[in-house]
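Inspection log for the structure reproduced underneath, given as structure tokens.
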Amino acid sequence: MSDSTHAPSDGASLALKGLRVLDLTRVRSGPTCVRQLADWGADVVKIEAPADASQMGGPRHGSDFQNLHRNKRSLALNLKSEAGSEVFRKLAATADVIVENFRPDVKNRLGIDYETLSATNPRLVYASISGFGQDGPYAGRPGFDQIAQGMGGLMSITGKPGEGPMRVGIPIADLCAGLLTAQGIFIALIERMTSGKGQWVQSSLLQAQVFMLDFQAARYLVDGDVAGQAGNNHPTSIPTGVFRTKDGHMNLAVAGEEIWKRFAKALGREDWITDPRFVTAPDRSDNRDELTVEIEDITSTRTTAEWVADMNDAGVPAGEINTIDKVFDDPQVQHLGMAQPVTSQERGETHLVGQPFSLSRTPTRIAKPPPLVGQHSAEILAELDYSDDQIETMRRDGAI
């Protein structure tokens, strides 16, 4: 990607080899974005305060930090010092990508905003993630995942009707903002191949959450339909949801007329196909509760494993509802390699979550555990032609 030669990524992947990324991110949305670059072979330099042994969101040795910051190098840098600021500007002058998720005004105060840095490096792709956007009436508000889930409408359609709003069990606004920003970076890098110019990529937790409303948002914008809570029931595809079995529960997704007919036959209730209560999708919607009772009268007589096998054999989507431990015990999850081995510097041999897609020629792996604070400071400064004496002076002065 870049015209300059950067340090290798020590084998995480060849896909983004030669791409240098400066990582100024904290907590989750930003690190989620940068992980997509680090895992695919970019030389990611994590910029952090000297002697910073922990991060907001959890200790450095914690599972969360370990999973978010693998495949990076660490440069301990005091951006408020003159010497530290000079080092950062030198790095930024040849970097391909900078990612930050400060509050919008912080980067301007530090003099590391896009306008300032792109004046020296017009090829720079600069990515900013915020809670609510870089400007506008809420720009100064602190951003947090659950706040975005609520403001972005997700909590109003999650949970059982009448039981009040419910958050989703993962930090979905953080994660989606990070992943979508990574997508924006890739688009900007591809465009740069034609124009030779970088640009400012911006996203926010609120934008990501509203975007992820997807068909619920479209139903409102196009039809004026304000969706409500439906619990485990799919709002439009019926019967789709959670159903009792002899030993627990299972998911069923009976979408469309053909699958509905297969499902009725698999349960031995072909009469449902012509039953006036259930003939059409609107009929099944009007009589959802009655249909659920009749389904569970049957599904509660056998185990989840038996039903899942029989339903899938019949061409009806069905699946177990796994706890987290059972997810990683699942043979298909193991086949897909979603738990990747790594030797942590703090924890020893362990596993972290692998990437959710593969490339046939340039695969990824967790080649390096999260770095110690400033582990690569001397190495990176030497690449900028700083002498040993200069490095020692900066260390003594608290710049690194």
Do any strands (runs of 3 or more DSSP E) lying entirely in segment 300-400 carry at least 2 residues that are exposed (fewer than 15 other Cβ atoms within 10 Å of the Cβ) and either touching an Asp or Glu at 6+ places or on another chain (Cβ under 8 Å) or of a type in the set (A, V, I, L, M) (or both), and which ones are they? 339-344
Within 19 Å of the chain's Cα centre (by Cα) and modelled with pLDDT of 95 or more: is that true of ASN78 in this structure? no
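Here are some residues: SER130, SER118. Which one is in contact with a Pro (Cβ under 6 Å, 6 or more places away or on another chain) and of a type in the set (S, T, N, Q)? Break it down stepwise before answering.
On the way: SER118 fails: in contact with a Pro (Cβ under 6 Å, 6 or more places away or on another chain).
Just a single option satisfies the conditions, and that option is SER130.
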Which of the following residues is in contact with a Ser or Thr (Cβ under 8 Å, 6 or more places away or on another chain), more than 22 Å from VAL21 (Cα to Cα), in contact (Cβ under 8 Å) with a residue 24 or more places away in the chain and buried (at least 16 other Cβ atoms within 10 Å of the Cβ): GLY153, GLY143? GLY143
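Whether any residue in segment 179-186 is touching an Asp or Glu at 6+ places or on another chain (Cβ under 8 Å), in the same structural domain as SER81 (by TED's automatic domain parsing) and under 30 Å from SER377 (Cβ atoms) is what I want to check. Reasoning before the result, please.
Our first condition is that a residue be touching an Asp or Glu at 6+ places or on another chain (Cβ under 8 Å); within segment 179-186, this holds for none.
No, segment 179-186 contains no residue that is touching an Asp or Glu at 6+ places or on another chain (Cβ under 8 Å), in the same structural domain as SER81 (by TED's automatic domain parsing) and under 30 Å from SER377 (Cβ atoms).
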Only one of GLN216, GLN229 is in a helix (DSSP H, G or I), touching a residue at least 24 places away in the same chain (Cβ under 8 Å) and buried (at least 16 other Cβ atoms within 10 Å of the Cβ), namely GLN216
Run PRO104 past the list (1) surrounded by fewer than 19 Cβ atoms within 10 Å (Cβ to Cβ); (2) more than 24 Å from ARG395 (Cα to Cα) and report the number of the one that doesn't hold. (1)
Scan of segment 170-213 for residues that are touching a residue at least 24 places away in the same chain (Cβ under 8 Å) and charged (D, E, K, R), ordered by number: ASP174, ARG192, LYS197
Among VAL99, VAL44, VAL87, which is the only one that is touching a Lys or Arg at 6+ places or on another chain (Cβ under 6 Å) and not in a loop (DSSP other than H, G, I, E, B)? VAL44
How many of the residues making up segment 218-272 are under 20 Å from ASP283 (Cβ atoms), among the small types (Gly, Ala, Ser) and within 30 Å of the chain's Cα centre (by Cα)? 5
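The values are calculated or read from the model by the stated rules, or taken from the named source; none is laboratory data. Computed from a prediction, not measured in an experiment: that's the story for all the values here. Virtual Cβ from ideal backbone geometry, glycine too; neighbours counted across all protein chains shown.
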